[in-house]
Amino acid sequence: MRFGVLGPLAVWTDRGEPVPIPGRKVRALLADLLVHEGRAVSADRLVADLWSGSAPADPTAALHVRVSQLRRALAGAEPGARDLVASRAPGYALRAAPDAVDAARFADLVGRAHAADQPRVRARLLGEALALWRGAALADFADEEFAVAPTARWEEQRLVALEAHAEARLELGEHHELVGELGEHVARHPFRERLRAAHVRALHRAGRSAEALDSLRDLRQRLADELGIDPGPELAALHRAVLAADPAEAAPRTTARAVTNLPAPVTELVGREPDVERVRELLAAGRLVTITGPGGVGKTSVAVAVGRTLTDAHPDGVRLVDLTGWDGSGEAAEPVLSVLGVADDARPADERLAAALRQRRALLVLDNCEHVVEPVAGLVGALLAAAPELRVLATSREPLRLRGEARWELSPLAVPDTDDPDRLAASPAVRLFLARAGLAPTPEAVVGAAEVCRRLDGIPLAIELAAARVPALGVPVLAARLRVPRARFGLLGTGPRDAPARQRTLTAVIDWSWRLLSGPERAVLRRLAVPAGGCSLAGAEAVCAGDGVAAGEVLDLLAALVDRSLVVRGGEPRFRLLESVAEYCLDRLREAGEEAAVRRRHAEHHLAVAERAEARLRGPDQRECLSTLDAEAANTRVALDTFVRAGAAEQALRLVCALSWYWLLRGRLGEARRALAAALAVPGEVAPAVRGAAR
């Protein structure tokens with residue numbers, strides 16, 4: 001049995017299942033026993049704490065009833081747990097194991113961190129300790145007299161750990177990440193000089209020295225006005241060092257970080273801090289966590305954010321495996337092997353993957369599992385059994401349903417049921433809308449944004465799409481359009497009850513945004529549904545140009561769609577559609593009768609890319625060509641499938657011949673063999689030299 005006091009009172013079984021404790025008095029009894037950390041609490045003290053001076057007629061009997069109820073609740077969850085509440089003179093004690101209470105685990109991790117010499121070890125241990133917090137300590141009993149002193153002590157220990165964690169991360173060169181993270185804590189605790197010093201150092205090392213000096217001036221003014229004192233000598237020395245650009249306060253040279261392919265965030269993750277912390281806690285307690293929820297709710301964003309906070313805790317790497325482009329053919333291990341860069345050999349793919357991960361302390365983030373849930377579940381179950389240090393974080397619209405799996409349901413962003421502008425401005429959904437629309441939180445904007453968010457059910461993707469229309473429509477017109485039933489396209493859940501969530505809400509959101517696009521913008525957007533995993537600018541021009549869209553117009557149209565948050569731009573640059581937008585646009589592509597032609601243009605373009613790269617793979621440009629083909633791997637698979645389905649035998653054979661050396665260099669022999677076999681099986685006329693090369 002495990003107990004939680006670093007947040008609202010909580011109890012879990014050893015398997016991580018929550019244990020309900022009925023009744024406030026019974027919960028208060030448990031909280032009182034927990035704050036005494038195994039020491040006996042007298043019956044008189046417990047009666048005074050539970051009834052606050054208004055004790056019942058027979059306080060001993062009343063207390064005994066509450067103790068019996070607590071014992072029954074614990075025993076109902078785990079056999080033998082009844083004995084955890086022990087009768088011990090002069091009252092009762094909770095006999096929990098040393099590591100069964102999160103406060104004890106927190107103290108142990110902090111103590112180990114303070115004893116560690118290396119900043120990376122300190123940062124990892126302190127990060128794990130801080131991840132145990134689920135909110136304010138004993139938040140549901142914060143006003144009870146028995147909880148005041150211990151919760152104040154725990155909160156102080158939390159802040160000290162936060163400060164030490166920030167200092168360790170500063171030593172590791174993580175000043176850019178700390179700038180935003182510490183800003184909120186400094187605003188909440190403006191007089192903590194150690195916390196302020198860490199934030200000032202992060203700002204200074206991130207090249208924001210003016211803001212660092214402003215922060216120091218703010219503290220000096222606050223101390224003078226409210227306490228009549230000056231900052232301590234450390235902050236005074238730091239002030240002088242920032243002013244003088246002292247090299248001692250320059251950013252340290254960073255050492256190699258844990259291997260990861262997680263993308264860098266391009267926008268702030270709004271309103272998901274509690275979800276990130278909860279998933280971190282679940283991963284600390286178990287080895288498999290699945291984030292579930294409807295399409296567009298932000299599962300991938302939360303998973304990536306969690307992974308980025310855990311790189312230090314997984315020295316053998318945090319790797320993201322996007323399963324969107326995998327259709328379930330072949331072995332489930334192959335997409336993971338490809339991301340990990342494991343070479344091919346005679347063993348089956350799952351055995352090679354298990355062998356590669358057996359001794360690794362790594363985290364695999366398996367993204368978008370819902371369309372291949374059965375093979376992925378089989379693979380994950382085998383990997384967790386074979387690799388004891390491996391942890392898996394999956395995103396899916398349904399759980400994997402494996403033993404030991406912890407599921408975190410990602411809910412839509414909440415909007416309070418109130419007209420108070422201050423409370424509305426603090427809600428995650430409204431904050432997201434205002435941030436994406438570039439609006440200040442004025443009372444009028446906040447109230448209008450709240451109405452829009454409510455009508456969009458708090459789905460982040462729908463909110464972002466609506467916010468993209470604010471420059472053209474304004475919030476009042478936007479809200480008015482959403483009040484019109486035919487303009488909302490079922491946003492209030494008027495679709496079939498058995499339809500997927502994205503068909504009841506997100507499809508309507510995207511359809512509404514689609515109707516506001518020009519003809520050329522619609523053509524480019526629906527044609528971008530064909531590339532798998534995104535495409536380069538050249539790829540977008542090849543796929544989207546034609547039939548009313550000139551090649552020279554594609555870039556401007558793409559830029560307009562990026563501005564509308566309908567297309568996501570990555571590095572290099574590359575352009576991709578969000579999952580729900582891509583599915584919607586594929587339907588529009590079919591309705592326009594363009595699918596076959598666009599898929600053929602897509603396939604021909606990637607055949608040309610592969611053939612251009614083939615010769616360069618054997619020369620000084622090999623590294624660049626490998627990177628290009630790595631980025632286009634999903635697209636070349638789609639291109640081959642297009643040629644095979646269309647019966648274009650010669651193009652299919654040319655493509656697999658052009659890619660064969662790339663597959664060999666990457667150790668993906670199994671994929672090469674299957675692709676060659678599929679292409680050779682396509683009937684039709686083929687130049688003898690091409691068929692001979694393939695054979």
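Below is a table of values for the structure above.
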| read-out | value |
| --- | --- |
| Test for A152: is it over 30 Å from V41 (Cα atoms), modelled with pLDDT of 90 or more, surrounded by fewer than 17 Cβ atoms within 10 Å (Cβ to Cβ) and assigned by TED's automatic domain parsing to the domain that holds L34 | no |
| Conditions (1) surrounded by fewer than 18 Cβ atoms within 10 Å (Cβ to Cβ); (2) more than 37 Å from the chain's Cα centre (by Cα); (3) of a type outside the set (A, V, I, L, M); number of the one not met by R674 | (2) |
| Region 94-120, subset small (G, A, S) and not in a helix (DSSP H, G or I), residue surrounded by the fewest Cβ atoms within 10 Å (Cβ to Cβ) | A97 |
| Some residue of region 123-137 being on the phi > 0 side of the Ramachandran plot and not aromatic (F, W, Y) | yes |
| Meets criteria (more than 30 Å from R24 (Cα to Cα) and over 26 Å from the mean Cα position of the chain (by Cα)) for P150 | no |
| Residues located in region 31-51, provided they are free of Cβ contacts under 8 Å to residues at least 40 places away in the same chain and in contact with a Leu (Cβ under 8 Å, 6 or more places away or on another chain) | V47, L50 |
| Which listed residue, of V336, V342, is farther than 30 Å from E184 by Cα, in contact with a helix residue (DSSP H, G or I) (Cβ under 8 Å, 6 or more places away or on another chain), among the β-branched types (V, I, T) and at pLDDT 90 or above | V336 |
| Filtered residues of region 362-411 (kept if surrounded by 23 or more Cβ atoms within 10 Å (Cβ to Cβ), within 28 Å of I463 (Cβ to Cβ) and touching a Gly at 6+ places or on another chain (Cβ under 8 Å)) | V365, L393 |
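For (1) under 31 Å from the mean Cα position of the chain (by Cα); (2) on the phi < 0 side of the Ramachandran plot; (3) of a type in the set (A, V, I, L, M, F, W, C), each residue gets a yes or a no:
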| position | (1), (2), (3) |
| --- | --- |
| L626 | yes, yes, yes |
| F643 | no, yes, yes |
| Q651 | no, yes, no |
| V656 | no, yes, yes |
| W661 | no, yes, yes |
| L665 | no, yes, yes |
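The values are calculated or read from the model by the stated rules, or taken from the named source; none is laboratory data. The structure displayed is predicted, hence computed values, not measured ones. Counting neighbours? That spans all protein chains shown, and the Cβs are built from the backbone with ideal geometry, glycine included.
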